[in-house]
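Every read-out reported here was derived from the displayed coordinates using simple, explicitly stated rules and does not represent laboratory data. The model shown is predicted, which means the values in this text are computed figures rather than measured ones. Don't worry about glycine lacking a Cβ; one is built from the backbone with ideal geometry, like all the others, and counts go over all protein chains shown.
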Amino acid sequence: MWDKLALILLVIGGLNWGLVGIFGFDLVAWLFGGTGAILSRTVYILVAISAVWCISLLFRDQRNTAIAMSD
C-alpha cells in the first residue's frame with residue numbers, strides 16, 4: 001500500500017515538474033495558492049518523502065516483493 005501511494009505521489013510530482021519545464025507552469029502552486037502556501041509546501045514535502053521511500057524499491061529483493069504482493 002505504501003509503495004503504491006509513494007509512486008502515485010511521484011507521478012504527480014513528475015507531471016508537475018514536466019509542466020514547469022515545458023510550460024513554466026506550476027500546477028501544484030496554482031491549485032493551492034502559490035509556492036509558499038502551506039498546502040503547496042505540504043504537497044512538495046510529501047512528494048520528496050515519497051522519493052526517499054522509493055529509493056528503497058531499488059534495493060529490495062524482488063522475489064520477496066512479488067510474494068508479498070500476491071498475498
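Here are some notes:
- FRET efficiency, 1/(1 + (r/R0)^6) with R0 22 Å, evaluated for I8 and D61 via beta carbons: 0.40
- The chain: most fluctuating residue of A29, A48, A37 per GNM, C-alpha cutoff 10 Å: A37
- Distance in nm between pseudo-label sites at W17 and A37 (7 Å out along the Cβ direction from Cα): 2.3 nm
- Acute angle (nearest 10 degrees) that the helix 38-55 long axis makes with the longest principal axis of the chain, alpha-carbon atoms: 30 degrees
- The angle separating the long axis of helix 2-23 from the principal Cα axis of greatest extent in the chain is about 40 degrees.
- [x] 19, 41, 24, 13, 2; [y] 21, 60, 18, 1; [z] 17, 42, 35, 7, with the label sought being that of the calculated P(r) over Cα pairs in 10 Å bins from 0, in percent: [x]
- A Cβ-based charge dipole, computed about the Cα centre of the chain with Lys and Arg at +1 and Asp and Glu at -1, lands at about 40 debye.
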